[in-house]
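The values are calculated or read from the model by the stated rules, or taken from the named source; none is laboratory data. What you are looking at is a predicted structure, and each value in this text was computed from that prediction instead of being measured. Positions of Cβ are backbone-derived with ideal geometry, glycine not excepted, and every protein chain shown enters the neighbour counts. In case anyone asks, the SASA skips ligands and DNA or RNA and just uses the protein heavy atoms, side chains included. Shrake-Rupley method; radii C 1.70, N 1.55, O 1.52, S 1.80 Å.
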Amino acid sequence: MSISHSSQWQKSDLTPITTSLADFRLIRQRQYLFVDKTAHIYKLLNEDKVFLSRPRRFGKSLLLSTINELFTNGTKNFEGLAIHDLWQRPCLPVISLSFFGLSYPQTFEQDLCSILRDAFSLAGFDDALSIKTSCLLDLTAELNRLTKHELMVLLVDECDFPLSANLNNLEAFEHNKVILRKFYAWVRSLRNVEFTMFTGIGRYQDTSMFTGQDINDISLDPRFANLLGYTQEELEGYFAPHINVAATLLKISEEQLLDSLKLQYDGFCFDRDASTSVYNPISINNFFKQVVVSPESVPVFGSYWMSSSNAAPVLRTFLDRKKPSLTFLDDVKDSGIEISQNELNNAYTFDELNFNVVLTQTGYLTIKKVIKNSQIVTARTYSCSFPNQEIEQAYVDIFFRYITQSSHIVHDSWLSKATQNLLQAFYRRDIEQVVTALNCCLCSIPYDLWTNAKEATYRTYICWCLQLGVTNEVRSETVNNRGRSDLEFTLNDCTYIIELKRLPQQQQQDPKNAVKLADVAQQQVYDRGYGFNDQVGYDTKRYGLALVVSEHSRQIEYWRYFDGTHVIAENAVAPISMENPPKQSQ
């Protein structure tokens, strides 16, 4: 594809982009960019009762708002969209509810009754406001009499929030669950509902929502895999002018920009066949909104989903409860976590949270491939890993703080200082201090998390240290035609190739064994041509770094720094302890 950049774009030339509105009618009235998903919505509305699970900020609320507009006002605001000439159904009252913010057990039933009254009133049942009871059973009985079995539509957003917000509070969780059980039992009893849709993140047992299996869970249905999120085709089509301007501002080609966007924001898969991936819409919208509101400023690849989704507290809660070991690092970073279709389908209880499934539902992990296929869908098994760099970086920071027990320490803690020291040491090419900073981080991991730790565990942990302190573009297990390096990254026009070796406890006594392992690591870099791949220019300076990690001390005890011709420096390192505190170079 030929590249042609235009510097003539002005703010008014680009379709405006919203990152906050989830109201279909307002988006259309204000002429914000709208990616047309209405052909998929038309298929969706052929179902009767559906549940859709997606991570936060993926467009669930906008989807329900679009459906609400269709049933309320028909196609009046759908001119130019796919569904405009397809939609033939009559307008109906729409009961639109959002459970977001409903979590306090003391007022949950009262608050639920309040939003029900308001929703029925907005749908045209004015007398709903005069029903004063705060008892859910009494209110729903009155609402049934009020509607007189008139046909209507029911939409419930954030249906799991009252439970998900209380995963660290069993009493509140159980209290809200009892009330939700009554609500969903009422919903299942309704016979005058044309279409019902629930959206949320998690599935919980004992709420009666899925009792009888009359609600169709379409969360991993291939037909709706791209119902939310942007496909590659949609990105390149709807955002074409924005892509042109952003590439010009960044002084790169459009192809390079698309590659960067894909690496940073693509990779979410909501498809049991693992054949469809989509971009996170809030991240793409935030990125391109920059070139609309600041047409002369260089756009930034930020962590937009993480900062707007409020997913971090949820992840911290799961980490505190499940306490995964360091072996989890090996799986999530390397081959991925194995999750069965049956696990993804199952609802869970307060006491039986499936940590891997929760990570997948919240968006920290996603399906990467089918590793055990079967015609029986529930018998399939998937490899799940990070969707993209944005999510991995967000996860790394939270998980790193969890395993170093610094989750609640202020910003200027030892962790910040250690990662700052790591960056400064690399800029000075002071490898002694690089190793000291890495050992400070290794020292912080509680002993009980090291159970069954392998060499790959050290590699992943050191990779995350580098991502937090040096650059988020650390390449783990970079493959060429002769092998795979442990870690590679580029900083200040220099590429570093890191090879790790583990010194077994039984070889600890002889210092020569560490030197021999450094010899092996250096020779591997030479023999296998590490550091040369399509991501790094041939004129870049390359340096090798062999790190020998002791199984006994669980720290780096020998290092070697070399280039393509000779060893620049090397040294044995005494483990950090009270007798040998870390020393910082002057």
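At-a-glance table
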quantity	calculated
Unique match (being under 14 Å from the mean Cα position of the chain (by Cα), at pLDDT 75 or above and not basic (K, R)) among F350, F270	F270
Helices (runs of 4 or more DSSP H) (entirely within region 196-305) containing at least 2 residues that are aliphatic (A, V, I, L, M)	240-250, 254-265, 281-293
Filter result (of a type in the set (A, V, I, L, M, F, W, C) and part of a strand (DSSP E or B)) within region 537-582	L545, A546, L547, V548, V549, I556, W559, F562, V567, I568, A569, A572
Some residue of region 480-494 being outside any loop (DSSP other than H, G, I, E, B), of a type in the set (D, E) and surrounded by 14 or more Cβ atoms within 10 Å (Cβ to Cβ)	yes
In region 68-81, the residues that are surrounded by fewer than 21 Cβ atoms within 10 Å (Cβ to Cβ) and among the hydrophobic types (A, V, I, L, M, F, W, C)	L81
Count - residues of region 553-586 that are hydroxyl-bearing (S, T, Y), surrounded by 11 or more Cβ atoms within 10 Å (Cβ to Cβ) and closer than 22 Å to E499 by Cβ	3
Filter result (open to solvent by less than 30 Å² (accessible area, probe 1.4 Å), within 17 Å of F328 (Cα to Cα) and in contact with a Ser or Thr (Cβ under 6 Å, 6 or more places away or on another chain)) within region 439-479	L449, C463
Filtered residues of region 508-525 (kept if without any contact (Cβ under 8 Å) to a residue 24 or more places away in the chain and closer than 18 Å to E570 by Cβ)	D510, K512, N513, K516, D519, V520, Q523
Residue check for V410: modelled with pLDDT under 80 and open to solvent by 50 Å² or more (accessible area, probe 1.4 Å)	yes
Top-ranked residue of region 154-194 - restricted to ones that are within 23 Å of F120 (Cβ to Cβ), polar (S, T, N, Q) and assigned to a helix (DSSP H, G or I), ranked as least open to solvent (accessible area, probe 1.4 Å)	N176
Test: residue in region 104-116 that is of a type in the set (D, E), open to solvent by less than 70 Å² (accessible area, probe 1.4 Å), under 25 Å from G200 (Cβ atoms) and modelled with pLDDT of 95 or more	yes
Breaking point among (1) within 21 Å of Q433 (Cα to Cα); (2) at pLDDT 90 or above; (3) open to solvent by 30 Å² or more (accessible area, probe 1.4 Å), for Y526	(1)
Flag for L92 being part of a loop (DSSP other than H, G, I, E, B), open to solvent by less than 40 Å² (accessible area, probe 1.4 Å) and modelled with pLDDT of 95 or more	yes
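Conditions tested, residue by residue: (1) at pLDDT below 80; (2) not β-branched (V, I, T).
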position: T362; (1), (2): no, no
position: Y382; (1), (2): no, yes
position: E390; (1), (2): no, yes
position: I398; (1), (2): yes, no
position: D430; (1), (2): no, yes
